[in-house]
Amino acid sequence: MATYLETPAVPDETSAPPRHRIATWEGLMTEILVLYYSRKGSTAELARQVCRGIEGVPGATAKLRTVPPVVAESEGPTRLVPTSGPPYATLEDLQHADGLVLGSPTRFGNMAAPLKYFLDCTSSLWVSGALAGKPAGVFTSTQTMHGGQETTLLSMMMPLLHHGMYLVGLPYTERALNETRGGGTPYGASHVAGPLDDASLTEHERSLAQMLGRRVAALAVRLG
């Protein structure tokens, strides 16, 4: 069973939580957390494209994290460290980030259980208002063209709205959103993986994922 420890928090009604900045040789950077769950690799590839978009914004840096699978208690505890790929996210990663881009494959028109479980453990951040006023975006991957992409994106937005985050989408002023024959929605970036999960991201899907990252990062820099 995946476990995320929560610490008690006291709400502060007089001021917003302080922004966290990463110090580099180039100065203080705005950090955007790209948090995802992926089984077959498609959502992970979208996450990498989102990171590319974030890194293209002056003053912004991407932090890539994933979440562990949720298993039945009888199957034993999950690994504390993934065998490959980015580290598992902590609540501190979420609290310190200046923005968030959240990704999940579709499970019957909803986000996958591991990501939902992680979000269910963020009540201490909700109590303290740690995420309020920060920008956020979402992305997903499905096997089929009509596999519930938009409902999955909307399901990921709901807890972010409860946290008081500013949701960022993809406007139709983006040429790729009008031309795509694969993934891509105004609610967030997406990918159609195909029945065998072996389809690479199309040029439009890559472009829109990068644009989502850029839009979230640009807003976070301005808000900072």
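In the stretch 97-129, of all residues being small (Gly, Ala, Ser) and surrounded by 22 or more Cβ atoms within 10 Å (Cβ to Cβ), the one that is farthest from residue 150 (Cα to Cα) corresponds to 97.
Being among the aliphatic types (A, V, I, L, M) and buried (at least 22 other Cβ atoms within 10 Å of the Cβ) is a description that applies to residue 209. The residues listed here are 53, 27; of these, the one that is at pLDDT 55 or above and loosely packed, with under 10 Cβ neighbours inside 10 Å is 27. State which residue pairs qualify: first residue surrounded by fewer than 20 Cβ atoms within 10 Å (Cβ to Cβ) and inside the stretch 35-50, second residue charged (D, E, K, R) in any location, beta carbons under 7 Å apart, and separation of 6 or more residues or different chains. Taking only residues 6 or more apart or on different chains, the pairs are 40/197.
The stretch 110-211 holds helices (runs of 4 or more DSSP H) entirely within its bounds, and those carrying 3 or more residues that are without any contact (Cβ under 8 Å) to a residue 40 or more places away in the chain and of a type outside the set (Val, Ile, Thr) map to 149-162, 175-179.
Restricting attention to the stretch 167-224 and to residues that are on the phi > 0 side of the Ramachandran plot and over 17 Å from the mean Cα position of the chain (by Cα), the residue that is modelled with the highest pLDDT turns out to be 194.
Scanning the stretch 71-111 for residues that are at pLDDT 80 or above and hydroxyl-bearing (Ser, Thr, Tyr) turns up 84, 88, 90, 104, 106.
The values are calculated or read from the model by the stated rules, or taken from the named source; none is laboratory data. As the structure is a prediction and not an experimental result, all values here were calculated from the model. So basically every Cβ, Gly included, is an ideal-geometry build from the backbone, and we count neighbours across all protein chains shown.
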